[in-house]
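To keep things clear, I will list the structure first and then write my remarks on it.
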Amino acid sequence: MSISAIGAVGGFQPMVPQSIAPTTTALSTPAVADPSKVATAADASGMDFGSVLAQGISNLQGLNDRTDQLAVKAATGDLNAIHDYTITATEATVATQLTTAVRNKALEAFQEIMRMSV
């Protein structure tokens, strides 16, 4: 029995286009992506970062509301499939953790920028 090489997985493409991805060379700092290309990529998606963030928080609130509704149904005995509540509660927990991680990274970035300006 032989094992094929990893190179046999053809057609693998990086998730970020090379024109936007920062490049590095030995003993140098990463190059900054061309701002016009980044703006074009944001325009192509039709949403800016603020809109994506607001939509994500809105989705998180909706998920938490749905979890609360299912919890009430489970407590009153009106919920026939308890797995619906379990799945929704787990999704809400993971979404909250992700939102917290994004917030923490944004605060770290802001603090780093403030240290650079001093």
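Read the figures in this text as sums done on the coordinates, not as results from a lab. Just so it is clear, the model here is predicted, and its values are computed rather than measured. Ideal geometry is used to build each Cβ from the backbone, glycine not excepted, and the neighbour counts take in all protein chains shown.
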| note | Checked pairs for the range 85-110, first under 30 Å from Lys73 (Cα atoms) and in contact (Cβ under 8 Å) with a residue 24 or more places away in the chain, second surrounded by 10 or more Cβ atoms within 10 Å (Cβ to Cβ) and of a type in the set (Lys, Arg), C-beta under 6 Å and 6 or more apart or across chains, list as Thr88/Arg66
| Scanning the range 89-102 for residues that are of a type outside the set (A, V, I, L, M) and surrounded by 12 or more Cβ atoms within 10 Å (Cβ to Cβ), which turns out nearest to Leu63 (Cα to Cα)? | Glu91
| said: Given the criterion outside any loop (DSSP other than H, G, I, E, B), surrounded by 15 or more Cβ atoms within 10 Å (Cβ to Cβ) and either on the phi < 0 side of the Ramachandran plot or in contact (Cβ under 8 Å) with a residue 60 or more places away in the chain (or both), identify the matching residue among Leu79, Leu60. | reply: Leu60
